[in-house]
Amino acid sequence: MTILDKIIATKRQEIKHYTTIQESKDVFPEKPRLTDHLRNKNGVISEIKRASPSKGDIHTTVDIVAQAKKYEEAGAAAISVLTDETYFKGSIDDLRLVAQAVSVPVLCKDFMISEIQIDRAKQAGATIILLIVAALEKEELEQLYRYAKAQSLEILVEVHDEKEMALAVELGAELIGVNNRNLKTFEVSLERTAELAKNFPFNSGRILISESGLHTKEDAQFVYGCGASGILVGEALMRSENPGAWIREAIKGAVVR
Ligand SMILES: O=P(O)(O)OC[C@@H](O)[C@@H](O)c1c[nH]c2ccccc12
């Protein structure tokens, strides 16, 4: 059993206890679309990540609202919030707090297998959800994609190889994320982005995002150089004493198209 199988098995149990959505009185600042941002300029999707199965605790005591504001002030294109509790020590309340505090797009980072999770994400203020191709059957992927689209959410479709990328393209995904980390083995290589960028359909308006394992300005430059319009960064920012400076440096190093 891979770690991904294990996470999905836990998720299937957890969602049984999710209740139907009540009318919410939460107020969220208006947020632009990530797709529009990344069509015009390269960007950094900055992540709130307390812990992970591959790295253990990263920064569990973080003040997530203060952290999110640092990301926003530095010019982050979007903020990603891990909401999985069991493996990443996140929560849907983390997402809600961040979405209330910032005016940049907010990504609900979780292992989506059911529509109720999409409802919850939207209710907690997310404007983007993640769908991981490796975690879903084709029919489930299509159904969840359609469901999220109908809610006006943006959808980041995550892939790890050519076959998954072909599926994402067939689905009509505009935001396609190449995860440099294999969720089955935890192996990380930025070469994943370089490899998949070779046949990426840039000319059909798709946006390539390079996810995971980016630690330095040079790493950022490397994947931007491969054609990525966005990078998704968690650990490096959570461990940094100055995440704002990290983001600014990465943006500066971005290849101007
Ligand atoms: O902390 P990193 O290596 O910078 O990675 C961030 C992000 O890409 C990673 O958290 C991630 C990418 N896809 C996921 C799917 C589920 C959970 C987490 C992820």
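Would it be correct to say that Ser152 is within 21 Å of Ser24 (Cα to Cα), within 16 Å of the ligand (Cβ to nearest atom), surrounded by fewer than 22 Cβ atoms within 10 Å (Cβ to Cβ) and of a type in the set (S, T, N, Q)? Spelling it out, it is not the case that Ser152 is within 21 Å of Ser24 (Cα to Cα), within 16 Å of the ligand (Cβ to nearest atom), surrounded by fewer than 22 Cβ atoms within 10 Å (Cβ to Cβ) and of a type in the set (S, T, N, Q). Looking only at residues in the stretch 158-199 that are without any contact (Cβ under 8 Å) to a residue 60 or more places away in the chain, surrounded by fewer than 17 Cβ atoms within 10 Å (Cβ to Cβ) and more than 21 Å from Glu142 (Cα to Cα), the one that is nearest to the ligand (Cβ to nearest atom) is Val188. Restricting the stretch 59-118 to residues that are of a type in the set (Ser, Thr, Tyr), free of Cβ contacts under 8 Å to residues at least 60 places away in the same chain and farther than 23 Å from Tyr18 by Cβ, the residue that is nearest to the ligand (Cβ to nearest atom) is Thr60. Summed over the stretch 1-58, residues that are in contact with a helix residue (DSSP H, G or I) (Cβ under 6 Å, 6 or more places away or on another chain) and surrounded by fewer than 10 Cβ atoms within 10 Å (Cβ to Cβ) total 0. Once the stretch 1-51 is narrowed to residues that are at pLDDT 95 or above and among the acidic types (Asp, Glu), the residue that is farthest from Val223 (Cα to Cα) is Glu14. Scanning the stretch 200-215 for residues that are within 12 Å of the ligand (Cβ to nearest atom) and either closer than 13 Å to Val157 by Cβ or among the hydroxyl-bearing types (Ser, Thr, Tyr) (or both) yields Ile209, Ser210, Glu211, Ser212.
Considered as a group, the residues in the stretch 216-227 that are within 12 Å of the ligand (Cβ to nearest atom) and under 24 Å from Met165 (Cβ atoms) include one that is surrounded by the fewest Cβ atoms within 10 Å (Cβ to Cβ), and that residue is Asp219.
The values are calculated or read from the model by the stated rules, or taken from the named source; none is laboratory data. This structure is a prediction, so every number in the text was calculated from the model and none was measured. Every residue, glycine among them, receives a Cβ derived from its backbone with ideal geometry; neighbour counts consider all protein chains shown.
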